[in-house]
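Note sheet for the following structure.
The values are calculated or read from the model by the stated rules, or taken from the named source; none is laboratory data. Remember, it's a predicted structure, so these values are computed and weren't measured experimentally. Cβ sites come from the backbone with ideal geometry, for glycine too, and all protein chains shown count toward neighbours. The accessibility values were calculated without ligands, DNA or RNA, using every heavy atom of the protein model including side chains. Shrake-Rupley method; radii C 1.70, N 1.55, O 1.52, S 1.80 Å.
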Amino acid sequence: MLDAIEVHSNGDDSGTLAENVFRQIQLAIVRGEIAPGSKISEPELARTYGISRGPLREAIHRLEGQKLLVRVPHVGARVVSLSHAELIELYEIRESLEGMACRQAAERMSQEEIDDLRRVLELHEQDAAFQAGVGYYQQEGDFDFHYRIIQGSGNRTLAKLLCDELYQLVRMYRLQFSATPNRPHQAFAEHHRILDAIADRDGELAELLMRRHIGASKRNIERHYKDALATSSKTRGNS
């Protein structure tokens, strides 16, 4: 599990090393390389990265702030593992707040920002995994279509919540479900329709399309859980 992530130190101070460790563990959790529900062992991580417990605890504390780690009494830190109900609630929050952000982005984004967003989609289209139909482009920050729209809303409260506090948790599940058959190309087409509404300055339509887009992802998750439950029940019935 931990062999998949490495941090190299070139004499950096403890603050830089803590930042490197934080980014590497964050990425491993988001990608699923450290499995949901896994217990985080500080001694093991300290040995793996050759880092003292102080900077490591700083990194762990930041990951807790991003909702990627949860503190369990008498157990310690574990990687978050949302229940089906909790995940649906998260997507309901996204549906409402990102819809609002999209409406505001249509009203407030500059033409230059809209042109940049169109170039982001062009980059997504060139991604090898997307062209093969096995996933959607999943780089973060300015390369993320949703992130750019939220930032383009000009609403600092929305940006703090959706691009900071919940961002990596949402990315973790977006990545997990992005490889569902047919979903990558459907999502790409939905992104283009959203962008066209923003470019037309049609805030009402932009909000509606974003809510439908995230609602489609939510239904995809619900189908996944339903199929997994049916498979599990069939397996138990055959045992």
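Counting only heavy atoms of the protein chains and using a 1.4 Å probe, residue 164 has close to 80 Å² of accessible surface. Each Lys and Arg contributes +1 and each Asp and Glu -1, all at the Cβ; summed about the Cα centre of segment 84-234, the dipole is approximately 560 debye. Accessible surface for segment 17-79, divided over its residues, is 48 Å² per residue with a 1.4 Å probe. Taking all protein chains as they are arranged and a probe of 1.4 Å, the heavy atoms of residue 78 leave approximately 80 Å² accessible to solvent. Surface composition of segment 17-79: carbon and sulfur atoms hold 50% of the protein heavy-atom accessible area at a 1.4 Å probe.
Under 12 Å from the Cβ of residue 96, count the other residues' Cβ atoms, weight Lys and Arg +1, Asp and Glu -1, and hand me the total. Within the 12 Å Cβ shell, the charges total -1.
Put 72, 170 in order of accessible area, highest first, and with a 1.4 Å probe you get 72, 170.
Taking a straight line from the alpha carbon of residue 160, these aspartates and glutamates sit under 17 Å away, with near neighbours fewer than eight places off in the same chain left out: 64, 95, 98, 140, 142, 144. Straight Cα distances below 13 angstrom link residue 67 to the aspartates and glutamates 86, 164, 165, with same-chain residues fewer than 8 positions distant left out. With a cut-off of 13 Å between beta carbons, the residues surrounding residue 85 carry a summed charge of -3, where Lys and Arg count +1 and Asp and Glu -1. Each other residue within a Cβ distance under 14 Å of residue 56 adds +1 if Lys or Arg and -1 if Asp or Glu, for a net charge of 0. Between residue 177 and residue 219, the modelled labels are 1.2 nm apart [label points 7 Å from Cα along Cα→Cβ]. Potential lengthening of the chain between residue 160 and residue 142 amounts to 5.0 nm, from the contour at 0.36 nm per residue minus the alpha-carbon distance. Residue 100 contributes an accessible area of around 60 Å² to the protein surface, as traced by a 1.4 Å probe with all chains present.
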